[in-house]
Amino acid sequence: MFPKKYMTLSRHIREEERRYPSATGVFSNLLDHLALAGKLIVREVNKAGLVDILGLTGEMNVQGEEVQKLDDFAHQMMVKMLDHSGLLSSMASEEVEDIIPIPPDMQRGPYVLLFDPLDGSSNIDANVSIGTIFSILKKVSAGEEGVLEDCLQPGCRQVAAGYIIYGSSTMLVYTTGNGVHGFTLDPSVGEFLLSHPDIRIPKRGKIFSVNLGNFRRYDERLQNYIRYLMGEENAIGQPYSLRYIGSLVADFHRNLLYGGIFMYPGDSKNKNGKLRLLYEANPLGMVVEQAGGKISNGWESILEIQPRELHQRVPLFIGSHDDVMEAEEFIQGKR
Ligand code: P6P
């Protein structure tokens, strides 16, 4: 049976472009290239258990972590798919310390791409869902070459953002500022098909996601908030369920669809937590706000933060609007 509305990602992007006469096809092409990179990455992720691509390359990335081969592959794939697209003036990746210039013999474009090529990579060997997160900005510096200044823009300046989750199915979720749309990969035809139009996150959830192993390091106000969620005097009159996969894209995606709050707070050991501002918090923040949710560092919207460096970390509270509001009230001593 031929589906009534066989809406592919490419067609959806172009229909979005048509709604905004000032838009150019350049932007559609950028998302097409990202989707292709995602298809090539998932092909390796899906067979990772079958070929000897698992294990460590023995190299270290800028985070001082051993690089898993799939991480490296995903990073290389993103660069190779995008650097000759003629759409970018520069890129930045979790895997590389400095910005990634466009090769001199390749055409530049007006956009900047920041990405985490394979978030959750520590879960690869356990076959847990992992993902690619991307953030797109417009170049702001003068001259043709992309520079660091182009990457260090607040999240509210993003023109698009999203992620590809490699789970029981492969989904691409993106926003260009006109709602959030989810596409599921049909491997039989190699197309991302619109499966979740206009995703809206519930105003309040019943799930909280945090690594309670760090509880002792949290400050007292945050500990009180978590106790409140686990009690029966909270807004839903029953304990919230704890769901924590340990893979940001997977935890975020579940909460986006079901509602809830994901937290990676700062603590007595790491005051800014673990997650990255530019290519983890900001893109997911644009998605969650477009879906009616909220993102915060406990005190302000993360999307207003002026970045100082590519890999800076930020305490992260993200998800249902009322849950994140409540977390802020506890953290700010108003509860
Ligand atoms: P922890 C995965 O390594 C990751 O970067 C995110 O995907 C995830 O949310 C977080 O770290 C989990 O960190 O300290 O709870 O294991």
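Protection proxy ranking, highest mean first, for peptides 320-328, 227-235, 178-186: 320-328, 178-186, 227-235, where packing is the per-residue count of other beta-carbon atoms within 10 Å, averaged. Rolling a 1.4 Å probe over the heavy atoms of the protein chains gives the range 4-196 an accessible area of 42 Å² per residue. Calculated mean residue ellipticity, 222 nm, the chain: -8500 deg cm²/dmol, from DSSP H runs (n ≥ 4) at -39500 (n - 2.57) each, averaged per residue and rounded to 500. Helix 69-83 and the longest principal axis of the Cα set of the chain meet at an angle near 50°.
Restricting the calculation to Cα atoms, the range 4-196 shows an Rg/Rh of 0.96 when the hydrodynamic-style radius is the Kirkwood one. Rounded to the nearest 10 degrees, the angle from helix 248-258 to the longest Cα principal axis of the chain is 70 degrees. A protection proxy built from the mean count of other Cβ atoms within 10 Å ranks the segments 119-126, 214-221, 90-97, 261-268, most packed first, as 261-268, 90-97, 119-126, 214-221.
Mind checking Rg over Rh on the range 239-289, alpha carbons, Kirkwood formula for Rh? My calculation puts Rg/Rh at 0.97. Surface composition of the chain: carbon and sulfur atoms hold 50% of the protein heavy-atom accessible area at a 1.4 Å probe.
Looking at the chain, what % of the alpha carbon pairs are farther apart than 38 Å? All intermediate terms of the calculation are to be shown ahead of the outcome.
Numbers: 7131 of 55945 pairs.
In whole percent, the share of Cα-Cα pairs in the chain beyond 38 Å is 13.
Of the Cα atoms belonging to the range 139-263, the radius of gyration and Dmax stand at 18.7, 58 Å.
Approximating the spin labels as points 7 Å out from Cα along Cα→Cβ, the F215-to-A126 distance works out to 1.9 nm. Between the range 149-188 and the range 283-335, how far is it from one alpha carbon centroid to the other, in angstrom? First find each Cα centre; the distance between them is then 18 Å. Please compute the net charge surrounding G179, taking Lys and Arg as +1 and Asp and Glu as -1 over other residues with Cβ under 12 Å from its Cβ. Around G179, the charge tally is -1.
Based on the Cα gyration tensor of the range 207-331, what are the three equivalent ellipsoid semi-axes, each the root of five times an eigenvalue, rounded to whole Å and given largest first?
Working through the eigenvalues yields semi-axes of 21, 17, 13 Å.
Taking the C-alpha atoms only, the angle from helix 321-331 to the longest principal axis of the chain is near 50 degrees.
The values are calculated or read from the model by the stated rules, or taken from the named source; none is laboratory data. These figures come from a predicted structure and were not determined experimentally. Note: ideal-geometry Cβ built from the backbone for every residue, glycine included; neighbour counts use all protein chains shown. Heads up: the accessible areas ignore ligands, DNA and RNA and are worked out on the full protein's heavy atoms, side chains in. Shrake-Rupley method; radii C 1.70, N 1.55, O 1.52, S 1.80 Å.
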